[in-house]
Amino acid sequence: EVHLVESGGGLVQPGGSLRLSCAASGFTFAISAMSWVRRAPGKGLEWVSAINGGGDDTSYSDSVQGRFTISRDNAKNMLYLQMKHLNPEDTAVYYCAPGYGMPKKGYSGWGQGTQVTVSS
């Protein structure tokens, strides 16, 4: 089964940076597109970024475009999200998931997520 473990979150000041990691197993990672999504306190799930299996095509939400960079290392079954110029609106629990976009309603492979808190 799909197994995902997110890590790298923490407390940072506005303007700071964090690098999130997602360790994947239970599926053929190298041919699977992957996405990062997040849930801010009291808000719904928001798609953040996506990358195709080969890592040569990426996409970002308007709110993070130019600040975040998604990447992957297929040899290590790892997905990353480099976040720069963080602001309080980026505060959320971040999750990774298979697919080039928001997971469908029936998706059940959620990891534990990693908390990102941006505050002064």
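The values are calculated or read from the model by the stated rules, or taken from the named source; none is laboratory data. Please read all numbers here as calculations on a predicted model, not as lab measurements. Quick reminder, even Gly has a Cβ in these numbers, built from the backbone with ideal geometry, and neighbours come from all protein chains shown. The area values use the complete protein model at the heavy-atom level, side chains included, leaving out ligands, DNA and RNA. Shrake-Rupley method; radii C 1.70, N 1.55, O 1.52, S 1.80 Å.
Some values worked out for this structure:
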| item | result |
| --- | --- |
| Condition met for VAL116 (surrounded by fewer than 20 Cβ atoms within 10 Å (Cβ to Cβ), part of a strand (DSSP E or B) and of a type in the set (A, V, I, L, M)) | no |
| Residues of the range 42-92 classified as in contact (Cβ under 8 Å) with a residue 60 or more places away in the chain and either part of a strand (DSSP E or B) or open to solvent by less than 10 Å² (accessible area, probe 1.4 Å) (or both), total | 5 |
| Test: ASP57 is over 15 Å from THR117 (Cα atoms), under 15 Å from the mean Cα position of the chain (by Cα) and acidic (Asp, Glu) | no |
| Hits in the range 30-41 - residues which are under 14 Å from the mean Cα position of the chain (by Cα) and open to solvent by less than 50 Å² (accessible area, probe 1.4 Å) | ALA33, MET34, SER35, TRP36, VAL37, ARG38, ALA40 |
| Residues satisfying the stated conditions in the range 39-63, i.e. touching a Leu at 6+ places or on another chain (Cβ under 9 Å) and more than 15 Å from PRO98 (Cα to Cα) | ARG39 |
